[in-house]
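> Pasting a structure below so you can have a look.
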Amino acid sequence: GMRTVMRYNEYRETLPIQERTIVYQSFGGTALSCNPLALFMSARKRFEGQGWLHVWIVNDLELAPDEYRNLEDVVFVRTGSDLHLRYLASAKYLVNNATFPPWFIRREGQKYLNTWHGTPLKTLGRDMRGRFLEHKTFTRNLLHSTHVISPNPHTTEVLTRTNETQGLLTARVAETGYPRIDLTMNATDREVAALRTRLGIKPTDEVVLYAPTWRGE
């Protein structure tokens with residue numbers, strides 16, 4: 001509510017930027033997953049021992065995996081908590097695969113990478129037959145971003161056109177592919193075998209993945 005917005009804005013105006021802090025959020029705080037998780041795993045390895053702090057915003061602290069609990073360089077904060085507001089207002093680097101809240105305003109000096117979370121082979125943004133301006137929060141997030149990654153030219157075109165940011169987007173857009181796909185493609189034979197065992201799939205079985213997606217509203 002109003003109190004949250006007031007506190008967040010106070011922190012934006014008074015807290016110094018934390019130069020070696022990265023905030024991650026995935027699917028609105030519902031999981032540690034997708035591109036933010038892949039980037040977190042890579043950044044932790046790359047910056048180990050250099051004083052970096054990795055902050056995850058989650059809806060429930062129970063979402064914190066055991067392997068990342070009680071570490072000096074990883075912090076979990078609950079959505080809507082005071083720490084959530086503080087870190088969002090002061091971390092130098094922000095990573096999201098969807099959207100930060102409607103009251104979020106990137107401040108001068110913050111870098112915000114939005115990765116989105118897939119190749120849109122369905123309608124998105126203004127093309128959706130849903131509520132008027134249902135895409136407004138994501139459009140705001142694109143406009144606040146300093147960097148956007150895309151898996152392919154089709155996604156770049158759809159994300160910018162359907163969210164009506166052509167000519168307005170100041171972010172650097174890079175068609176890099178997706179970090180989460182790198183994790184999948186670079187999985188070791190041992191990791192694949194372990195996943196098959198966990199899912200009860202025999203080594204000789206062929207696998208078909210059916211992954212229906214969110215349909216709006």
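The values are calculated or read from the model by the stated rules, or taken from the named source; none is laboratory data. Remember, predicted model here, so these are calculated numbers, not experimental data. We place every Cβ from the backbone using ideal geometry, glycine too, and count neighbours over all the protein chains shown. Only protein heavy atoms, including side chains, enter the accessible area calculation; ligands, DNA and RNA are left aside. Shrake-Rupley method; radii C 1.70, N 1.55, O 1.52, S 1.80 Å.
> Run through the stretch 41-89 and list the GluC sites (Glu not before Pro) located in a DSSP loop whose Cβ has at most 12 other Cβ atoms within 10 Å. Each step should come with its number before you reach the end.
On the way: sites: Glu48, Glu62, Glu67, Glu72; in loops: Glu48, Glu72.
Taking the stretch 41-89 and a limit of 12 other Cβ atoms within 10 Å, the loop GluC sites (Glu not before Pro) found are Glu48, Glu72.
> Let me ask something else about it. Using amide H atoms built in the peptide plane, which far-off residues or other-chain residues are under 5 Å from Phe76 H to H?
Sorted by chain and number, the residues that satisfy this are Trp56.
> Work from the charge dipole of the chain (Cβ charges, +1 for Lys and Arg, -1 for Asp and Glu, about the Cα centre) and give the residue of Ala64, Ala194, Tyr112 farthest towards its positive end.
Looking along the dipole axis, the top candidate is Tyr112.
> What stretch of the chain, leaving out the sites themselves, is the longest with no chymotrypsin sites (Phe, Trp or Tyr not before Pro) in a DSSP loop having at most 11 other Cβ atoms within 10 Å? Please list the in-between numbers first.
Numbers: sites that count: Phe132, Tyr210, Trp214.
No qualifying site falls inside 1-131, the longest such stretch.
> Quick check: residue separation of Glu19 and Glu67 times 0.36 nm, minus the Cα distance between them. What number comes out in nm?
Numbers: separation 48, 0.36 × 48 = 17.28 nm, distance 2.53 nm.
Answer, rounded to one decimal: 14.7 nm.
> Further question: Kindly count the pairs of lysines across the chain whose alpha carbons are less than 29 Å apart, treating pairs on different chains or eight or more residues apart as eligible.
Details: Lys45/Lys92; Lys45/Lys111; Lys92/Lys111; Lys92/Lys136; Lys111/Lys136; Lys122/Lys136.
Here the count comes out as 6.
> If you don't mind, there's one more thing I want to ask. Just the number, please: Stokes-Einstein D of the stretch 1-84 in µm²/s, Kirkwood Rh from C-alpha pairs, 25 °C, 0.890 mPa s.
Numbers: Rh = 13.8 Å.
Answer, rounded: 178 µm²/s.
> Rounded to the nearest 20 debye, what is the charge dipole size of the stretch 5-72 about its Cα centre when +1 sits on each Lys and Arg Cβ and -1 on each Asp and Glu Cβ?
On the way: 7 positive and 9 negative charges, 47 e Å.
That gives a dipole near 220 debye.
> So, with +1 on the Cβ of K and R and -1 on the Cβ of D and E, and no other charges, what is the size of the charge dipole of the chain about its Cα centre, to the nearest 20 debye? Mind dumping the intermediate values first?
On the way: 28 positive and 23 negative charges, 98 e Å.
It works out to roughly 480 debye.
> Per residue, what accessible area does the stretch 1-75 have, given a 1.4 Å probe and all protein chains present, in Å²?
Details: 4390 Å² over 75 residues.
On a per-residue basis, 59 Å².
> What accessible surface, in Å², does a 1.4 Å probe find on Met6, ignoring ligands, DNA and RNA and rounding to the nearest 10?
Near enough 120 Å² of accessible area.
> Another question about this same structure. Using a Förster distance of 22 Å, how high is the FRET efficiency between Ser81 and Trp52, based on the Cβ-Cβ distance and rounded to 0.05?
0.55
> Using +1 at the C-beta of Lys and Arg and -1 at the C-beta of Asp and Glu, which of Trp103, Gln50, Pro179 has the Cα lying farthest in the positive direction of the dipole of the chain?
Trp103
> Sum -39500 (n - 2.57) across every DSSP H segment of at least 4 residues in the chain, then divide by the residue count to get the 222 nm mean residue ellipticity, nearest 500. Numbers along the way, then the final one.
Details: 7 runs with 72 residues, N = 217.
It lands at -10000 deg cm²/dmol.
> For Gly29, what is the net charge nearby, where nearby means another residue's Cβ is under 9 Å from its Cβ and Lys, Arg count +1, Asp, Glu -1? Don't skip to the end; give the middle numbers.
Values: positive: Arg78; negative: Asp60.
So the environment of Gly29 carries a net charge of 0.
> Right, another one. Quick one: plug the Kirkwood hydrodynamic radius of the chain (C-alpha pairs) into Stokes-Einstein at 37 °C, 0.692 mPa s, and report D in µm²/s. Walk me through the numbers on the way to the answer.
Working: Rh = 18.8 Å.
Taking Rh from Cα pairs, D becomes 174 µm²/s.
> Apply 1/(1 + (r/R0)^6) to the Cβ-Cβ distance of Ser33 and Asn152, taking R0 = 35 Å, and write down the FRET efficiency to the nearest 0.05. All intermediate terms of the calculation are to be shown ahead of the outcome.
Numbers: r = 21 Å, r/R0 = 0.59.
Calculated value: 0.95.
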